[in-house]
Amino acid sequence: MCEVPGKPFFLQEGKYKGHAVETLIFHNPAVVIGLSKNGSKELSRHIDSLFKVGENLSTLPFCFCGEHRVKNFTIKDGLICYDLMSCDQTNCVDELIQKIGHGGIYPIKLSTLNLFRNDVKQQEKVGVFLKNILGLSRNASPEMILSKITGGHSVNLV
Ligand SMILES: [Zn+2]
């Protein structure tokens, strides 16, 4: 049972003063990952708990099996393939591996953003992809983003 953030965290200082971590995590992931290491204790805790609940995201699209929602996405030649995703069932993942060929398969989790830390542009593309796959619009409020990330979890205010 992990701690679930109860409300968005708005930055109090720096270049992104007034921005919510919840919004930045998709549009400027590198900033949030940096703050998780160099921010205040409270901010680090908030970001850590976001990443923890973000290990289990409720996505909108269904896998091609038609039974489960997607849990994996693919990148081929640097492009995110919106039409090549799968759930976590072994059969479906195997089929995805066949279809993607030399491309890569990644889990649909917030922590996947960490895998792209050496390519900020790609990391931001993955961030926007994750936001889209959760059904969040470009202008979604931090509160709405937080409720999507935390899904059906009961909220303990932190
Ligand atoms: Zn499936």
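Couple of notes before you dig in:
- Test for Glu3: is it in a loop (DSSP other than H, G, I, E, B), touching a residue at least 40 places away in the same chain (Cβ under 8 Å) and over 20 Å from Leu136 (Cβ atoms): yes
- In segment 44-58, the residues that are in the same structural domain as Ile145 (by TED's automatic domain parsing) form Cβ pairs under 8 Å with partners that are in a loop (DSSP other than H, G, I, E, B) and among the acidic types (Asp, Glu), at six or more places apart or across chains, as follows: Arg45/Glu3; Ser49/Glu3; Lys52/Glu3.
Rundown of residues vs (1) in contact (Cβ under 8 Å) with a residue 60 or more places away in the chain; (2) touching a helix residue (DSSP H, G or I) at 6+ places or on another chain (Cβ under 9 Å), yes/no style:
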{"site": "Glu67", "(1), (2)": "no, yes"}
{"site": "Asp88", "(1), (2)": "no, no"}
{"site": "Cys92", "(1), (2)": "no, no"}
{"site": "Arg117", "(1), (2)": "yes, yes"}
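The values are calculated or read from the model by the stated rules, or taken from the named source; none is laboratory data. Given the structure is predicted, the values throughout are model-derived calculations rather than measurements. Cβ coordinates were reconstructed from backbone atoms using ideal geometry, including for glycine residues, and neighbour counts include every protein chain displayed.
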